[in-house]
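Here's the structure we're looking at; comments come further down.
The values are calculated or read from the model by the stated rules, or taken from the named source; none is laboratory data. No experiment lies behind these values; they were computed from the predicted model shown. Quick reminder, even Gly has a Cβ in these numbers, built from the backbone with ideal geometry, and neighbours come from all protein chains shown.
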Amino acid sequence: MLPQIALILGAALTASAHYTLPKVFASGGSGADWQYVRKADNWQSNGFVGSVTSEQIRCFQSTTAGASAVLNVTAGSSVTYGVSPNAYHPGPMQFYLARVPDGQDVKTWKGDGAVWFKIAHEQPNFGAQLTWPSNGKGAFPVTIPKCIKSGFYLLRGEHIGLHAASTSGGAQFYISCAQLGITGGGSTEPADSYKVAFPGAYKASDPGIMININYPVPTSYKNPGPSVFSC
């Protein structure tokens, strides 16, 4: 009986250390879970994507299923992405946008191809160990670039757990995609050099994905993916 109890407790502890990204809301608001965010495959399991070549690396969905609503925001304003319960693992929070082609429905668009551009990523604090601003938190604000074209977008939130990333395939990706309607934008289309596809943007051997953050403690960190786009 004791071994069975130990297994059950171990499974519970493992699950509790994982998380989802189910919510996004604008300043002064509060969205419900999966209201504006497409329901990810881990919505019940709190699991992660382990392969950067999987279709799930895009929005953590095996098949495209849109959220019920679209969050309307103004270019230049901030939105907050929620993590439930918290981003327990050490690693960076990153955000990407992809503009839905005119005439297509944001709720059914797949987001395939080299259409994603990064709008934010975080660096660790360096010292006796790496400490990440996102570690242990449950809410992450990100600013929508003021100059981008108005229209419908997918906002891809991604937190990468690096605690077991010293071997290929050890990094854990916690991902989801929110549906946004952006107004008040400019006329800028990010250059192709900023755009990537998922899958395709990452390799398992990228230095920001396969890394031992414990020993020797790194003195620098290169975020995976393209450079951050800014206006």
Pairing a residue in the stretch 53-80 that is closer than 24 Å to Gly28 by Cα with any residue that is part of a loop (DSSP other than H, G, I, E, B) and modelled with pLDDT under 95, where Cβ atoms lie under 7 Å and the two sit 6 or more apart in sequence or on different chains, gives Leu71/Gly31; Ser77/Ser27; Ser78/Ser27
Do we find that Cys231 is more than 30 Å from Ala65 (Cα to Cα) and touching a strand residue (DSSP E or B) at 6+ places or on another chain (Cβ under 8 Å) in this structure? yes
Out of Ala178, Ala164, Ala128, sole residue that is touching a residue at least 12 places away in the same chain (Cβ under 8 Å), of a type outside the set (Ser, Thr, Tyr) and in a loop (DSSP other than H, G, I, E, B): Ala128
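Yes/no matrix, rows are residues, columns are (1) under 14 Å from the mean Cα position of the chain (by Cα); (2) of a type in the set (D, E, K, R):
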{"residue": "Gln104", "(1), (2)": "no, no"}
{"residue": "Ala114", "(1), (2)": "no, no"}
{"residue": "Ile119", "(1), (2)": "yes, no"}
{"residue": "Glu122", "(1), (2)": "yes, yes"}
{"residue": "Thr131", "(1), (2)": "no, no"}
{"residue": "Ser134", "(1), (2)": "yes, no"}
{"residue": "Ala139", "(1), (2)": "yes, no"}
{"residue": "Pro145", "(1), (2)": "no, no"}
Which one of these is part of a loop (DSSP other than H, G, I, E, B), surrounded by fewer than 18 Cβ atoms within 10 Å (Cβ to Cβ) and in contact with a helix residue (DSSP H, G or I) (Cβ under 8 Å, 6 or more places away or on another chain): Pro207, Pro199? Pro199
Would a scan of the stretch 90-106 turn up a residue that is under 22 Å from Ile211 (Cβ atoms), assigned to a loop (DSSP other than H, G, I, E, B) and hydrophobic (A, V, I, L, M, F, W, C)? no
